[in-house]
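Here's the structure we're looking at; comments come further down.
A short reminder: the numbers here are calculations on the coordinates, not readings from a lab. This one's a predicted model, so the numbers in the text were calculated from it and none came from an experiment. Don't worry about glycine lacking a Cβ; one is built from the backbone with ideal geometry, like all the others, and counts go over all protein chains shown.
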Amino acid sequence: MKSVSILVVLVLATSFAQTGEQVRRELEKTDRLIDEAEPVVKASGSERAEYHLGNAKSLQQNAWSSYQDRKLVAALTYTRNARRQIEVALGFAEFDPSQLERELHKTDDAIERARPIIERSGNRRALELLSDATARQGKARNAFRAERYKEAFTDTRAARLMVEAALRLAQELNAAEIRRQLERTEELVRRYGPGVARSGNRRALELWDLALDEQRKARRHFQAAEYLMALRMTRAARGHCKKALDLIRPQTNQDKVRVALERTAKLLERARDFLQGNERAMELLARAEAWQDEAIAALREGRLLHAWRMTTSARDLILRAIELAGGDVRQELVEQALAETDNLLEQWTAVITQSENQEAEKLLDQAVASQQKSREHFDQKRFRISWQETTLARRLLDRAIELTQMQDEKQPAGLLPGPEEAVEN
């Protein structure tokens, strides 16, 4: 009989711990309980209270370690034992009325901030939790006035946890927000599905199919007003989409850098004949060739960021050499620079947008604006200003690419000289 009971307990524990999300929430709840108990224990000056709170922290560290190792049942056991130690610690602590009053005010504030959000959501369960939290906080106030401080602390803490749960429900189960989440996943699928299909990467294709299936389920749950399940399924789908994209991105990056090197090589070939006889321009061209050779070597070694930086700097230096040899900036030079920037924008815009790197997206917007200005100046035959704007656009784009695609090679700024610095030296 005893073995059967143990088996039942284990089955129940495993059932509860079947998803990492459930266990993570339990651990986060214990973290909050420790944070709330700590000022009370410290204010009490009780060594025994501090001892048991220390035990709770140690057990909670074990809980998080088990969670990270995917040992979910163990994590759940540790965190529950930590809560028991918190209760023991509070039993030895003498409550400071002023500290407790601050805790009561915190709960009052939490209820008032959450109330309009929960009421707007119309979620019945969230509204019930809010009502229960308000009633429990009333009990805490009554206990405080009667100087039953431990009871007041327990009630106000429970009320705050109810409010947090109600707020989470209200935010997660808002139909309009769930619809936006679904649309976000569908935009990701629409934009990058063809690229995954072309990649031929079997694992990426499997992940993509899994994401599509999850998204179909998310839609069905949404239509049945099962909003929490819809949210979970669409988030899972988006996660699998991103994993698939991560699988194909390294090769995509390498291909893009290789194309950039090929363009620089063609520009070098065209520039050699044009620059013959101009000593200063040929010096710049020689330096550009050295940078291009370094870019080729870096690509072979898999150092994509360095290869990209060297070849783009070489290209800028070639254009400066052509400008120096030709005196005024000529129309054909600007047309070539505009075409280079257009090609780069076409090649990288989708990748930068998908990265969700806000700084990179801002740089991309600035690059597009500069390129548009360059086109306008070109149409008005202001070629020098047009050349300056398209060069700025390309540099902004280069920086955005570095931020989103090649962060594995964290290289200190300033190691690579810019084209202006090379000209001045």
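Here are the numbers for this structure:
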{"quantity": "Potential extension, ASP109-LYS29 segment - 0.36 nm per residue separation minus Cα distance", "calculated": "26.9 nm"}
{"quantity": "Among ARG235, ARG375, ARG190: highest mean-square fluctuation, GNM of the chain, C-alpha pairs under 10 Å", "calculated": "ARG190"}
{"quantity": "Computed lengthening from ARG145 to ASP246, 0.36 nm per intervening residue step minus Cα-Cα distance", "calculated": "30.5 nm"}
{"quantity": "When each of LYS106/LYS217; LYS266/LYS373; LYS217/LYS362; LYS29/LYS150 is checked by Cα-Cα distance, pairs over 31 Å", "calculated": "LYS106/LYS217; LYS217/LYS362"}
{"quantity": "Charge context of LEU268, other residues only, Cβ under 12 angstrom, K/R +1, D/E -1", "calculated": "+1"}
{"quantity": "GNM top mover of ARG287, ARG315, ARG70 - the chain, alpha-carbon springs below 10 Å", "calculated": "ARG70"}
{"quantity": "DSSP H segments from the chain that extend 15 Å or more along their own axis, Cα-based, with Kyte-Doolittle mean of -0.5 or above", "calculated": "2-16, 72-92, 149-172, 227-275, 279-300, 304-326, 331-355, 383-405"}
{"quantity": "Estimated FRET transfer efficiency when R0 is 30 angstrom, pair LYS42-GLN68 (beta carbons, to 0.05)", "calculated": "0.55"}
{"quantity": "Dipole moment magnitude, nearest 20 debye, the chain about Cα centre, only Lys, Arg, Asp, Glu C-beta charged", "calculated": "1740"}
{"quantity": "Dipole of the chain [Lys/Arg +1, Asp/Glu -1 at C-beta], most positive-end residue of PRO194, MET310, ALA75", "calculated": "ALA75"}
{"quantity": "Three-way shape label, the stretch 2-172, alpha-carbon gyration tensor, a/c 1.5", "calculated": "oblate"}
